Amino acid sequence: MKFSCDSCGKKYATADDPAPGRVYKIKCKACGHLIVVKASAGGAPAVPHHEPPTPPPPAPPEIPLEIGAPEREVPPPWPNEMRARSAEPTAHVAMPAPEEQTPQPGDGGYVDLFSDTGASPLSSILFAGIPWEIGLAETQQTLVLNDLRSRIWVQTDGQLKTGRDVVIGAILGADEFGFSTAPLVVEGCIMMRKCHLNTCPVGIATQDPVLRRKFEGKPEHVVNYFFFVAEEARELMAGLGVRTMNELIGHTELLDMRKGVEHWKAKGLDFSRVFKMPRMPADVARFHCETQDHGLAKALDNRLIELAAPALERGEKVAIEMPIRNINRTVGTMLSGRIAARYGHEGLPDETIHLRFAGSAGQSLGAFLARGVWIDLIGDTNDYCGKGLSGGRISVQPSPKFRGEPTENIITGNVVLYGAIAGEAYFRGVAGERFAVRNSGAGAVVEGVGDHGCEYMTGGTVVVLGGTGRNFAAGMSGGIAYVLDQQGEFARRCNAAMVELEPLLAEAEQPARLARELWHLGEADEAIVRRLIERHVRFTGSRRGAEVLERWREYRPRFVKVFPKEYRRALGELAAAQRKVAA
Amino acid sequence: MGKVTGFLEYERLEEAHETPEARKKHYREFYARLSDEDAKIQGARCMDCGIPFCMQGCPVNNLIPDWNDLVYRQDWKAAIEALHSTNNFPEFTGRICPAPCEEACVLRINEDPVGIKSIEHAIIDRAWDEGWVAPRPAAHRSGKKVAVIGSGPAGLACAQQLARTGHAVTVFEKNDRIGGLLRYGIPDFKMEKWLIDRRVDQMRAEGVEFQVNRVVGGAPVGAGNAQARPVDPKKLLAEYDAVVLAGGAEAPRDLPVPGRELAGIEFAMDFLPLQNRRVAGDRNVKDLWASGKDVVVIGGGDTGSDCVGTSNRHGAKSVANFELLPMPPDVERNPAWPYWPTRLRTSSSHEEGVARDWSIATKAFLGENGSVRAIRAVRLEWKDGKPAEIAGSEFEMPAGLVLLAMGFVGPYSSILEALGVARDARGNAQASTEAAGGYATSAPKVFAAGDMRRGQSLVVWAIREGRQCARAVDEFLMGASELPR
């Protein structure tokens, strides 16, 4: 039965016709008018059906890179050994406390209130994790013992709610305190634990405008709450005879443990190690009081920037030759920062700055490398080579003194080209695990990869002229990989969940076998592969590449094209949308 | 849970019902249960909250999101099983419960809550129609005997649970029919009485023995029943392995102002049951009618509401409903979420015609020839929770029948004295709800449940009490119990 509000016209429907004499009463959602409906009105039942619009993914937070933008005084973002979290004594990830929020960029940045595991159904998180007090105490003790505490901000988190929590956290060693659940509740969260479904009834865990309208929190509420927390902390500190946080941090003698451990529930538990403070000389700091010198002044890039001045200022071609060692990390990044500052993402014309290096490069060689820079390395690299590649070119080949077979020897590390977006990379040798993970647009040629190659790749082109490890293409949803499968083993090693394996077609054949709209880069696969291998040979002198090209007729049929299903679908949809627009 | 986006797409639907004009002419129920399709859509509105506040809000902790989802998926058989796992008598609560679950529903914060009560109503009515409600007699008998005093919802729930776990249960009811306030008190137009009879049949098939017209302790019997025979408390304790007191809290609050002794001033519970008897077909029911009179109902709660509805059906000339406390805020949403809020509620009886007023205190009844003809009342101003009479605001209202519906202060003491049961500060049978030794009174092997233990409360609370007490009795008798909490 359909009817509409006689005051504002909003339409309603129910599945049934009421019997004569019977009424329905509904309060109109739009205008509050009480609609009274009697008797049947016929018509097929139709329930108002509007799917809430799919929310756009949130814009990724701006994480200023100190290395690329030295003008800004911002401590580096987590994760980074400079920022130890209370969760574990080592300075890395693990978050045992179940209610911990995801980490914040820290001071100078904003406080982002997430609600991650805290919103999981209770059945999922019960007994997960360990109390923050334990992790914090261990962190503090370890850092003090190693005389590292002075240079580190220690932050603790995990269901902190009151000033008392803050004071206890400080006493156990924390400089900073993370709050998530409590301020969220202040803003209106009712811990209904369905955040993952985008149906938050109080408009918090959503970007859907319909639901957002239900949001009633105000920044003033959160500010007010933190005032209370701070006031309570002040009161407690005064009671302890302490005026500043620094007099509090690490002073476990201020904790009255006996009353706590004498409680009948605590019988049999021994907290002495949690509250113990290592005996160290008085001048060893117990709280953050020093700014770490990151040694950036000594970075190789400073020299590169100097030498590349003609290119930066006038676009002149520059060639720089120098040795490189593994203590030179993120080489090329600061330089790219300078280029980006001046020329934006477009950068400089190809090969404007030709960097010829010899040696073993440190981590993150060519990270975020801008267009116009060519890192031409003879030697090998560590992990993260080419991470975030942004238009530049990286080529790596072994030293002429090297006697081994490049297709059987590792020349670059793990997670190479992590999150690369544009540019090209050529490796005359084998890469480690997760080659081209999250690549979204760069082209690369390599002569063998370890496990999880092309993991989560979303775009770009990868050619592998040798064997792969297992779990290739896990989570791969875009871009194409062409793998030379001489042994016929590749299908076994590939994770077929998201991809389909197809033969590499000859250019002449392709129009008949594959719809034009599904062609990668709009080009024939054969042309793409040949072109990349040609460049690989040109920039690295690869003998393997040369051989493949020479006996192309033999090798072409041995290539496997890894075509992600999502990519195929997206290409089809894109074409369909374009046809619609044209029509 | 229904549909993830259901609450965004569908509106809450009230059950279809007759117009006030039409329904004032009879004493039958006037709400129809939701059709299967409508129930499905209402079930779709449930969000299956990670923390289901509705289950906490419900005194019997109904598995609400579960059966909402089952109804959405139209699995009615599984729905009734889920419903019966926590509630013995959903057809009662589905009709007359005030639904604290809906107040606790997360949607109630800024929307209309899920129609939980209407879904419960649909499930149980459908289950009875399909013949899915069958007796569940115990497989083995324990050889233990339990006496349950009082056949209201607490006594019945307790008896059913105990019988299903194998004990021999005898229910003693002082009135001539089973049901307690369900039968004599709640008007027929809120809940028809054949529903009780149907359940009694089920319980008989489960081995429960019912004895009517048996009173323990000399309590006043329901208006009109003079036939009750006394039960000797000593014999009761000797013959039975456990005794459950579920006699309710029927002692009404009085209004001892000048003129109280005039005729025509009646307690609600001396008025309402008469109409139940008339509808049941009894002859020789006392001649107390509201027809043609100016009726003043004092007390703005559910009992007062029932008096209003009954008076309108009698054809009263006018009906007024006074309440001592100030008018509660008229808000749709729940300002005290997830708890039960004090807000203005307009019952179906009010819709049928009444003049309501709040902050009114009765000063005196004025009479003529020994019968009441008017009430004199004064308006109050409430400050900081304390009332003060507003000077010069006294007024008189014609009143040919005054119905006192000001709440019940506690159980009749005679039964408690007869069995030697200690009382708490409010005069109720003293017993805790602790997991160990719960519901046990100071008298050995005597338990108390329902209003008799809690003071006046809701049917749904009584069902909970009956179930919990049954478990306590079972543990007492057998050492351990498999009955659910």
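The values are calculated or read from the model by the stated rules, or taken from the named source; none is laboratory data. Just so it is clear, the structure is predicted and the values come from calculations on it, not from any experiment. Glycine also receives a Cβ, built like all others from the backbone with ideal geometry; neighbour counts cover every protein chain displayed. In case anyone asks, the SASA skips ligands and DNA or RNA and just uses the protein heavy atoms, side chains included. Shrake-Rupley method; radii C 1.70, N 1.55, O 1.52, S 1.80 Å.
Before moving on, here are some points about what is shown:
- Wholly enclosed helices (runs of 4 or more DSSP H) of the range B:407-484 bearing at least 1 residues more than 18 Å from B:Ala154 (Cα to Cα) and open to solvent by 60 Å² or more (accessible area, probe 1.4 Å): B:413-419, B:459-478
- Residues (at the interface with chain A (Cβ under 7 Å from one of its Cβ atoms) and more than 30 Å from B:Ser291 (Cβ to Cβ)) located in the range B:26-39: B:Ser35, B:Glu37, B:Asp38
- Meets criteria (out of contact with any strand residue (DSSP E or B) (no Cβ under 8 Å at 6 or more places or on another chain), more than 29 Å from B:Phe30 (Cβ to Cβ) and in contact (Cβ under 8 Å) with a residue 12 or more places away in the chain) for B:Pro338: yes
- In the range B:14-38, the qualifying residues are those that are hydrophobic (A, V, I, L, M, F, W, C) and open to solvent by 20 Å² or more (accessible area, probe 1.4 Å), and the one that is farthest from B:Lys117 (Cα to Cα) is B:Ala22.
- When the range A:375-387 is limited to residues that are in a loop (DSSP other than H, G, I, E, B) and surrounded by fewer than 22 Cβ atoms within 10 Å (Cβ to Cβ), the one that is nearest to the chain's Cα centre (by Cα) turns out to be A:Asp383.
- Pair list, Cβ under 6 Å, 6 or more apart: the range A:185-201 residue part of a helix (DSSP H, G or I), other residue of a type in the set (Phe, Trp, Tyr): A:Val186/A:Tyr225
- Condition check for B:Arg23: among the charged types (D, E, K, R), within 14 Å of chain A (Cβ to nearest Cβ) and more than 22 Å from B:Trp128 (Cβ to Cβ): yes
- Meets criteria (surrounded by fewer than 24 Cβ atoms within 10 Å (Cβ to Cβ) and touching a residue at least 24 places away in the same chain (Cβ under 8 Å)) for B:Arg164: yes
- Condition check for A:Leu504: closer than 30 Å to A:Asp350 by Cα, touching a strand residue (DSSP E or B) at 6+ places or on another chain (Cβ under 6 Å) and in contact (Cβ under 8 Å) with a residue 40 or more places away in the chain: yes
- Selection from the range B:40-54 of residues that are under 20 Å from A:Ile35 (Cα atoms) and either more than 8 Å from chain A (Cβ to nearest Cβ) or in contact (Cβ under 8 Å) with a residue 60 or more places away in the chain (or both): B:Gln42
- In this entry, A:Ile130 passes the filter for residues that are more than 14 Å from chain B (Cβ to nearest Cβ), out of contact with any Lys or Arg (no Cβ under 9 Å at 6 or more places or on another chain) and either at negative phi or open to solvent by less than 10 Å² (accessible area, probe 1.4 Å) (or both).
- The residues of the range B:39-54 that are under 14 Å from B:Gly115 (Cα atoms) and either of a type in the set (Ser, Thr, Tyr) or surrounded by fewer than 23 Cβ atoms within 10 Å (Cβ to Cβ) (or both), listed by number, are B:Lys40, B:Asp48.
- Meets criteria (surrounded by fewer than 20 Cβ atoms within 10 Å (Cβ to Cβ), touching a strand residue (DSSP E or B) at 6+ places or on another chain (Cβ under 8 Å) and closer than 19 Å to B:Ala268 by Cβ) for B:Ser318: yes
- Within the range A:252-275, being assigned to a loop (DSSP other than H, G, I, E, B) and either out of contact with any Phe, Trp or Tyr (no Cβ under 7 Å at 6 or more places or on another chain) or small (Gly, Ala, Ser) (or both) holds for A:Asp256, A:Glu262, A:His263, A:Lys267, A:Gly268, A:Leu269, A:Asp270, A:Phe271.
- Screening the candidates A:Phe435, A:Phe402 for the property of being under 22 Å from the mean Cα position of the chain (by Cα) and part of a loop (DSSP other than H, G, I, E, B) yields one hit, A:Phe435.
- The range B:268-299: number of residues that are open to solvent by 60 Å² or more (accessible area, probe 1.4 Å) and touching an Asp or Glu at 6+ places or on another chain (Cβ under 9 Å): 2
- Residue in the range B:208-217 that is surrounded by fewer than 16 Cβ atoms within 10 Å (Cβ to Cβ) and modelled with pLDDT under 95 present: no
- Scanning the range A:399-418 for residues that are surrounded by fewer than 20 Cβ atoms within 10 Å (Cβ to Cβ) and either acidic (Asp, Glu) or farther than 14 Å from A:Val445 by Cβ (or both) yields a count of 11.
- If you go through the range B:243-267 and keep only what is β-branched (Val, Ile, Thr) and buried (at least 20 other Cβ atoms within 10 Å of the Cβ), you end up with B:Val243, B:Val244, B:Ile265.
- The residues on offer are A:Arg193, A:Arg213, A:Arg234, and the sole one that is within 14 Å of chain B (Cβ to nearest Cβ), basic (Lys, Arg) and surrounded by 12 or more Cβ atoms within 10 Å (Cβ to Cβ) is A:Arg193.
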